[in-house]
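The values are calculated or read from the model by the stated rules, or taken from the named source; none is laboratory data. It should be emphasised that the depicted structure is a prediction, and the values quoted were computed from it without experimental measurement. Neighbour counts run over all protein chains shown; Cβ positions are idealised from the backbone, glycine included.
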Amino acid sequence: MADSARTQSDTITNGQIGQLFDRLSPKLRASDISAADMQEVLKRPGGRMTDAVIGALRECVEDTKPYICKVNVPDMVPNKQLFDQLGTFVLHTAALNSMPRVGTGSRELEFFNVGRELTADEVVIEYMERGLTMAYPFAVIAQNLEHPDFARRRPNATFWKDDDGRWCCFWIRRRGLSCGAVAVHDHKLPEVFWYAGVRY
């Protein structure tokens, strides 16, 4: 019978807990939480604070793992009517005109998050290290249309090159400008982005 008990190597180490507090300490000191307010929180016997911290850490753990899904991609036309379904948007004409018009049918997408700002060239390296190629924009659009809250938890993006060899990016998120198709040749991309890929 298999032993389902957690082994010593499964548990968080004291060293890892120390590293976590090393990162938290300066952020806590720089916050606008007063010592008096913090003391009131610490007086409470309930586990709400610790549960909230553990919940946030679980989300961070999930961010280190790929999100894999299947999506059916219908025929699409990259026009205002399509992007209106995704929310407020910004479109660069050159990027929009160069957007690949392929990728219909059933697709398996793999989204990954790196946890730091990246240039497009750096993103390419991350794709290669994972054995992925960049997903077609229509597949990403279809995933977000089918699951409107997907970008709330995982703001996502994919890339292609225009006729002049510049990197372009389609991205979607759920605050501020909701989506865009823009040239990003020399820009840093936010650490919150989940990049969409497909297996070779």
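Data table
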| item | result |
| --- | --- |
| Unmet requirement for Phe138, which otherwise passes all of (1) free of Cβ contacts under 8 Å to residues at least 60 places away in the same chain; (2) surrounded by 18 or more Cβ atoms within 10 Å (Cβ to Cβ); (3) within 16 Å of Met99 (Cα to Cα); (4) of a type outside the set (Ser, Thr, Tyr) | (1) |
| Selection count, segment 101-114, where residues are at pLDDT below 95 and either surrounded by fewer than 16 Cβ atoms within 10 Å (Cβ to Cβ) or under 25 Å from Asp63 (Cβ atoms) (or both) | 6 |
| Condition met for Asp149 (loosely packed, with under 13 Cβ neighbours inside 10 Å, modelled with pLDDT under 95 and closer than 18 Å to Val192 by Cβ) | yes |
| Leading residue by the ranking (nearest to the chain's Cα centre (by Cα)) among those in segment 147-172 that are under 17 Å from Leu82 (Cβ atoms) and not hydrophobic (A, V, I, L, M, F, W, C) | Asn156 |
| Single condition Leu177 does not satisfy, out of (1) surrounded by 15 or more Cβ atoms within 10 Å (Cβ to Cβ); (2) in contact with a Ser or Thr (Cβ under 6 Å, 6 or more places away or on another chain); (3) hydrophobic (A, V, I, L, M, F, W, C) | (1) |
| Cβ-Cβ under 7 Å pairs, at least 6 apart or on other chains, segment 12-39 side farther than 15 Å from Val53 by Cα, far side surrounded by fewer than 10 Cβ atoms within 10 Å (Cβ to Cβ) and among the acidic types (Asp, Glu) | none |
| Some residue of segment 155-162 being out of contact with any Pro (no Cβ under 8 Å at 6 or more places or on another chain) and surrounded by 24 or more Cβ atoms within 10 Å (Cβ to Cβ) | yes |
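Table: residues versus (1) modelled with pLDDT of 90 or more; (2) exposed (fewer than 12 other Cβ atoms within 10 Å of the Cβ); (3) closer than 20 Å to Gly180 by Cα; (4) aliphatic (A, V, I, L, M).
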position	(1), (2), (3), (4)
Ser31	yes, yes, no, no
Met38	yes, no, no, yes
Arg58	yes, yes, no, no
Asn72	yes, no, no, no
